[in-house]
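Data block below; observations after.
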Amino acid sequence: AVCSMGNSTSRLYSVLAKTLSSGAVSQHQGCLEQLDSAQLDPIDPKDLLEECQIVLQKRPPRFQRSFVNLKKNAPSNHRPIRVMQWNILAQALGEGKDNFVQCPMEALKWEERKCLILEEILAYKPDILCLQEVDHYFDTFEPLLSRLGYQCTFFPKPWSPCLDVERNNGPDGCAMFFLKERFQLVSSANIRLTAMKLKTNQVAIAQTLKCHETGRLFCIAVTHLKARTGWERFRSAQGCDLLQNLKNITQGAKIPLIVCGDFNAEPTEEVYREFSNSSLNLNSAYKLLSPDGQSEPPYTTWKIRPSGECRHTLDYIWYSQHALNVNSALGLLTEEQIGPNRLPSFNYPSDHLSLVCDFSFNQDPDRLL
């Protein structure tokens, strides 16, 4: 049965405990076919946050991060659209494959780590949430986030490395969530990325949404490219394939675009240059935090493995700079906050930092292209 939140099964989790098992992913899908999550009672985010904090009461408090205002006095006649990008670390990989030598196994317990993840999401209240390495979609994220008002989509990797881990929870993949009160789904595409004309194990989701408030269309995409040194050309080919798909979906940049992802690529890699120089006119939002607006953050992931310390910038939020403005971006954790044992930790649930940006539409329609 699903583990209860806190000392006794709560109001929120009693329904889940009765309806969702923690077995293979096919079992979760079967449960969901029997139980339409839209028929479940909505959850008050404050109640869910309280539940998480009860579970986490023995852990250090969550890190405090501040938004940096990036707006250049451009007026906006609509609420900003908050987008959150995060590789949350697949549970099976964290426990069974990643070998975080300075992270105690106790810190990786799913019953508590999932509450740290949920606490981070609830703290920033994204309108659109893009996640990678999701291997608890059916028993945690879909049932909970749907009850918070999100429409949910999941696309697993065809050969997820999670499946190699004993007692896994099914394959990991990309997931996308958007608030139904703010957006209407116009079209959705699950994309299995190719490289050198061969299908690969990496995927993307691209959805065209209509903003209820403005009537404007935009496309939001989430992806997770191939990891590891030595695969630079492979990532480059995957990036080209994704860009071609997005050109078709956005009708050659007529529809504004936001792309979230763990690209597993530093800014020096070819795939980064492909996105920077694309005809889709994309810019990386987190460059705007640098003094000159031209440099990426020094890191978005920081961990210690048996091979040594790994500090890299791999995660990005790309956006159509002709059609969208970045109003603000969430500052990153400092080295002092991260601490000498790096990530993940009792304070922070993933080896990647979450990225959060507030976007607004450009008010001058003549500048769209």
Karplus 3J(HN,Hα) series, Hz, for segment 139-144 with 6.51 cos²θ - 1.76 cosθ + 1.60 (x for Gly, Pro)
9, 9, 6, 5, x, 7
For segment 107-198, rounded, prolate or oblate, judged on the Cα gyration tensor with a ≥ b ≥ c (square roots of eigenvalues), a/c < 1.5 rounded, else prolate if a/b > b/c?
oblate
Using a cut-off of 16 Å between alpha-carbon atoms, which lysines can reach LYS197, once sequence neighbours fewer than 8 places away in the same chain are excluded?
LYS226
Over the chain, what is the relative contact order in whole percent, taking alpha-carbon pairs under 8 Å and six or more residues apart?
20
For segment 167-182, in order, what is each residue's ³J(HN,Hα) by Karplus, 6.51 cos²θ - 1.76 cosθ + 1.60 with θ = phi - 60°, in whole Hz (x at glycine and Pro)?
6, 6, 10, x, x, 8, x, 8, 9, 10, 9, 9, 6, 5, 6, 9
Cross-link pairs LYS97/LYS180; LYS97/LYS157; LYS125/LYS287; LYS46/LYS72; LYS114/LYS247 - those with Cα-Cα distance over 27 Å
LYS97/LYS180; LYS46/LYS72; LYS114/LYS247
So who's got an amide H within less than 5 Å of the one on GLN202, skipping anything under 5 residues away but keeping other chains? H placed 1.01 Å off N, in plane.
LEU193
Under a 1.4 angstrom probe, counting protein chains only, how are PHE67, PHE178 ranked by accessible area, largest first?
PHE67, PHE178
Given Cβ charges of +1 for Lys and Arg and -1 for Asp and Glu, the option among GLN337, ALA221, THR140 whose Cα lies farthest towards the positive end of the dipole of the chain is ALA221
Work through the residues other than GLU106 whose Cβ is under 14 Å from its Cβ and net out their charges, Lys, Arg +1 and Asp, Glu -1.
+1
Order of exposure, largest accessible area first, which applies to THR214, THR268, THR153 with probe 1.4 Å:
THR268, THR214, THR153
With a 1.4 Å probe and all protein chains kept in place, how do HIS322, HIS312 rank by accessible area, largest first?
HIS312, HIS322
Value at 222 nm in deg cm²/dmol, rounded to 500, when DSSP H runs of n ≥ 4 in the chain each add -39,500 (n - 2.57)
-6500 deg cm²/dmol
Alpha-carbon spread of segment 78-364, three principal axes, descending order, Å
52, 41, 41
Non-local amide H neighbours of PHE183 (under 5 Å, H modeled in plane, Pro and chain starts lacking H): which ones?
HIS212
Everything considered on the Cα gyration tensor (a ≥ b ≥ c; rounded for a/c under 1.5, else prolate if a/b is larger than b/c, else oblate), segment 140-278 must be described as oblate
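The values are calculated or read from the model by the stated rules, or taken from the named source; none is laboratory data. Fair warning: this is a prediction, and the values are worked out from it, not measured in the lab. Glycine gets a Cβ as well: all are built from the backbone with ideal geometry, and neighbour counts include every protein chain shown. These area figures cover heavy atoms from the full protein model, side chains too; ligands, DNA and RNA do not enter into them. Shrake-Rupley method; radii C 1.70, N 1.55, O 1.52, S 1.80 Å.
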